[in-house]
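The structure appears right after this line, and notes come after that.
A short reminder: the numbers here are calculations on the coordinates, not readings from a lab. Owing to the predicted nature of the structure, the values given are computational and were not obtained by experimental measurement. Glycine also receives a Cβ, built like all others from the backbone with ideal geometry; neighbour counts cover every protein chain displayed.
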Amino acid sequence: MKLEQSTVRCAQGLAAALLLLASVRPAAATMPTPSGTIPEPVREAFRAGLLEPTPRPRGLGTSSVQLQWRVPVVLVSFSDDSLTFSAADFDRALFDTTGSTSTGSAFDYYRWVSGGRVRVEGKAVATVHLPHDRYYYNFGSWGLNTVATPNNIYGAIRDGLILCDAQVDWSPYDVDHDGFVDVLWFVHAGIGGENSPGDRNHMWSITSRLSGGWRYGAAFTTSTRVPGSTNQFIRIDRFSTLPEISGILPGRRAEIGVYCHEFGHALGLPDLYDTSQPGGGPNVGPGNWALMSTGATGTNGVSPEYPSHLGAWSMLFLGWATTVRPIQDSTLTLPPIEQGGPIVELWFQGEDNPEHFLIENRQRIGFDRFLPSPGLIVSHVDEATIGQRLGANGINSGLTPGLRVVEADGDTDLVLGRNRGDANDPFPGALGRTEIDDGTLPSLRTFLGTATDIAVRGITAVDQDVRFRVEVRSPGWLPAEDRTGAEPFEPTGGFGPAARARVDGDGTLYVVHTEMRSGRPQVVLRTREGNDWGSPLDVSHSPTAALDPTLALLPGGDLALVWSDTRSGSARLYYRARVRGTWTSERELVTLPGDARYAALGADPSGLLHLAWLQLSQGTSRVMFSHFAYSTPFAQPVAVSDSAELPGPPALAVAPGGGAYVLWPDQRGTSRIRFARYAPDSGISGSLPFTHDPLYPQSAVTAAVDPSGALQAVWLEVSGGESQLRYQRRAPGGPPSPPDSLVETRPETVQNPVLEVDPSGGLHLAFESAYSGVRQIRYKSMRPGRGWDYRSTEVSFAGDGDATRVSVLPTSPGNVTIVYAVILGGETHFTQRIRQLEPTATTAVPRPAAQPAFALAVGPNPLRAGVPVEIRWAGAAAESPPVVEFFDIAGRRVASVPLEGAEGVRRGRLDGARTARWSSGVYFARVRGGRAASLRLIVLR
């Protein structure tokens, strides 16, 4: 497969996980009726466990364990129904290896579909005339009455084996040498029960075990000794019952479709249609697009001599196909799966997720010659659901399927059972559909309807290949920009939940930090007008230290700031405002004993300021609150946390009507979030529980109020090594609606979430997540009418450096600026990244060229041991050739790679054999011989 402008991660984890599932409990086994459904007696056989074979002593697992098969075939007639075809007929039809059969043998099919991996050979070893008639063995229930032994399939096979055992040497058919024949094909006179719904005295085609589910059932012990043993005999347990006569062409030999389908069960594959409902469920799963659904009768439903390809999911289950998982927006050219083309596993940012999409290119090649239409088949898969239902052979049972085809026409014909596949299912297909995303019909939303931010566009046939572009990243993001400027950026101090950034009505951005100035921490304000970050402004002039700044917008575009200042010894709150363009002097706000820290400031539309902070005194801490006019900054503190509490830094959210909310974690016992509500007519309430009694500690609460006055809050919970960001919305004066809900789960450490609301009510959440000690910034939004993004997006990348101190500045649901600090090479960079989905009122300013620190690119990043590293460097060389050196966290050089090519396009490659010896952790890549420093971090997982 050709990959253009792409980054692709190989995805073997899916296949490995499913191989494990298969080895634990091989799948059930039966043919559907031509309509794709199953009648109640067959469903009863499922419920009885008849069609749920458990592993043999050593277990089959999947074909990746056993690639060579020798299948013994026993042909049987009844006292009232003789055989029409000879053993030689079946040997040629099923096992011909010369290519002389006009439509292909079962051997040919499995060589084709497995890409030459599997050989299914065999022989008709016996022809037996059973002593009883068809009714005796089928008993009006297609042979599936489990308690009627010997009047069932088990009785027929037992009688047949007793009659032929002495004339057969069974040892060649135990290829895996576990003392059992690998699988027996029991071919009976007449048609299969699946093709005779009106006559229950034809035997249904199933794959099962003699020891499983049948009354008095047990494995059959043959007279053939296990090679090398004097007292152990080969046994027969796993079997398939199969018809002699075609169910489509009367009097003709049965086509290979049913044989290939049942052998799929022997390999461990489940049925892919709905096996759940009495009378059979309507959902045919992938229908004729897959052998293990209704594809045994061909891709057109009437050509069982040409059974359908297994399809993407089954190929991955068996380990017969490779996958590519794009981790960046990519243009792909996908060869046909029939010719060994890979399968595209599609999910947001290429992340591992049980729910995802599989894309395969299907063409009229080989046994797929009668496809309704060639093109891309997109399958929507939920591996968690499949894993829960695999053992009971019900992966598509009921209303929540584990696997379905995303039909290009959006008609869900396969799910509703209206057909088994048509020319409108593929992309582009008969309808010429060239794209699919969250907003199309059909869409790439989750099974629950959540937007995934992924898309497939520009789907175009190129001969038998298909070219298309996959989008797996949140759209609208511009490259990160280093906007440090001439003056150094040296942030310091803590980072609580208070507001440190604001955007005013004309789009001007304000960000405040504590930065080092002449060796002392001071409050520094940075302002962006248009796309120009002006010179930073020193707001404080403390002779000791100014810490924990917080910022509020005042009417008319003015500003107010509060911070903790130690100029008087203990930490006191200081205030300064810009009023009508003029800055007031610094003044002390609060003179309470102890230290005032972690202030949070907000303003309502009238200019009334609301202030919360943490007062620390004599070993105790209290959350305090005050409100005052910006023109008369005289704070009258009120304690809002109880004296018995152990509060953490507070968050503050101000409502449009003048109310406010203060939220904080109470760290006694299992930490939980508490809050207080301020109303203009009644003042501040006491401490109230914001969440129910938690099972896990809650911390790092962040909050905002939307234009309707509803409080929006997010906080962090950590349980079992997972970090969970939880969310709550409260309408003014009302209870939570919805109740506490899960916004994001991350396997790594998460900290410092920041929630902001835009003027249209959209929510914007950013947070830090740490991989191997390197922090990244991630972002997630909730747009009105669309809900939360399914997963957060990476704003910064591990190779950029250590990212922290994130601020969020939204102007609309689709437009936001993320500002953060990047620590790289011992320097801290003031960095912004802009997302622009919607047009802006101002003319865009051209982006400056990338800074030299970002001229070096290494990938993939994060890296896995044994994977080669591709290197690209766009800098200017001071010596030739320049060399990229790799260092571990201790500063030891572990590799060096000379770069080749002309200036601006130099490239190199570090072989995977080198990275295979590296341990997990953080590494540094640095250019030696460049005119400017170029440095990247690389994380090995």
Convex hull around the C-alpha positions of the range 863-941: the volume in Å³ per residue is 75 Å³
Hey, rough spin-label estimate for THR322 and ASP178, points 7 angstrom out along Cα→Cβ, what's it come to in nanometres?
3.0 nm
Whole-Hz ³J(HN,Hα) for each residue in the range 497-509, computed from phi via Karplus 6.51 cos²θ - 1.76 cosθ + 1.60 with θ = phi - 60°, x for glycine and proline: what do you get?
x, 5, 5, 10, 8, 8, 10, 8, x, 9, x, 6, 9
Specify which residue in the list ALA596, GLY394, SER606 is farthest towards the positive end of the charge dipole of the chain, using unit charges on the beta carbon of Lys, Arg (+1) and Asp, Glu (-1), about the Cα centre.
ALA596
Using only the Cα atoms of the range 267-347, build the gyration tensor, take square roots of its eigenvalues as a ≥ b ≥ c, and label the shape rounded, prolate or oblate: rounded if a/c is under 1.5, else prolate if a/b is larger than b/c, else oblate.
prolate
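Mind listing which chymotrypsin sites (Phe, Trp or Tyr not before Pro) in the range 162-225 are in a DSSP loop and have 11 or fewer other Cβ atoms within 10 Å? Kindly include the intermediate steps, with their values, before the conclusion.
Working: sites: TRP170, TYR173, PHE180, TRP185, PHE186, TRP204, TRP214, TYR216, PHE220; in loops: TRP170, TRP204, TRP214, TYR216.
Filter output for the range 162-225: TYR216.
Roughly how many debye, to the nearest 20, is the charge dipole of the range 34-268 about its Cα centre, given +1 on each Lys and Arg Cβ, -1 on each Asp and Glu Cβ, and no other charges? Before the final figure, lay out each step's value.
Details: 20 positive and 24 negative charges, 93 e Å.
It comes to approximately 440 debye.
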At most 11 other Cβ atoms within 10 Å and a DSSP loop assignment: could you name the chymotrypsin sites (Phe, Trp or Tyr not before Pro) in the range 542-612 that fit?
none
Built amide H within the under 5 Å cut-off of GLY859, gap 5+
GLU870
For the chain, with equal point scatterers placed on the C-alpha atoms only and solvent neglected, what are the log10 I(q)/I(0) values from the Debye formula at q = 0.04, 0.07, 0.08 1/Å, to two decimals?
-0.27, -0.71, -0.85
Given H placed on each backbone N at 1.01 Å, which residues far from PHE233 in sequence or on other chains put an amide H within less than 5 Å of it?
VAL226
What spacing in nm lies between the two simple spin-label points modelled at TRP583 and ALA430, each 7 Å away from Cα in the Cβ direction?
7.3 nm
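May I ask you to compute the full-extension gain from ALA916 to ARG457, defined as 0.36 nm times their residue separation minus their alpha-carbon distance, rounded to one decimal in nm? Write down the numbers at each step before the final one.
On the way: separation 459, 0.36 × 459 = 165.24 nm, distance 3.64 nm.
Extra length available between ALA916 and ARG457 comes to 161.6 nm.
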Which one of VAL883, LEU755, ALA451 has its Cα pushed farthest toward the positive end of the charge dipole of the chain, where Lys and Arg give +1 and Asp and Glu give -1 at the Cβ?
VAL883
Computed ³J(HN,Hα) along the range 327-333: with the Karplus parameters 6.51/-1.76/1.60, θ = phi - 60°, integer Hz and x for glycine or proline, the list is 10, 9, 4, 9, 9, 10, 10
Under 8 Å for C-alpha pairs, at least 6 residues apart: give me the relative contact order for the chain, rounded to a whole percent.
7 percent
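What FRET efficiency comes out for LEU399 versus SER772 if R0 is 60 angstrom and r is the Cβ-Cβ distance? Round to the nearest 0.05.
Details: r = 42 Å, r/R0 = 0.70.
With R0 = 60 Å, the Cβ-Cβ based efficiency is 0.90.
Restricting the count to DSSP beta bridges whose residues both fall in the range 34-268, what percent are antiparallel, rounded to a multiple of 5? Walk me through the intermediate numbers first.
Details: 8 of 28 bridges.
So the antiparallel bridges in the range 34-268 amount to around 30 percent.
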Between the range 104-183 and the range 703-776, what is the C-alpha centre distance in whole Å?
59 Å
Helix-derived mean residue ellipticity, 222 nm - over the chain, DSSP H n ≥ 4, -39500 (n - 2.57), to 500
-2500 deg cm²/dmol
DSSP loop (so not H, G, I, E, B), at most 12 other Cβ within 10 Å: list which trypsin sites (Lys or Arg not before Pro) in the range 488-585 pass both filters.
ARG580
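For LEU688 and SER719, compute 0.36 nm times the residue count separating them, minus their Cα-Cα distance, and round to one decimal in nm.
Working: separation 31, 0.36 × 31 = 11.16 nm, distance 2.42 nm.
Here the segment from LEU688 to SER719 would lengthen by 8.7 nm.
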Share, in percent, of DSSP beta bridges within the chain that are antiparallel, nearest 5:
90 percent
Label model pair THR412, ASP96: point-to-point distance (7 angstrom along the Cα→beta-carbon line) in nm is 4.5 nm
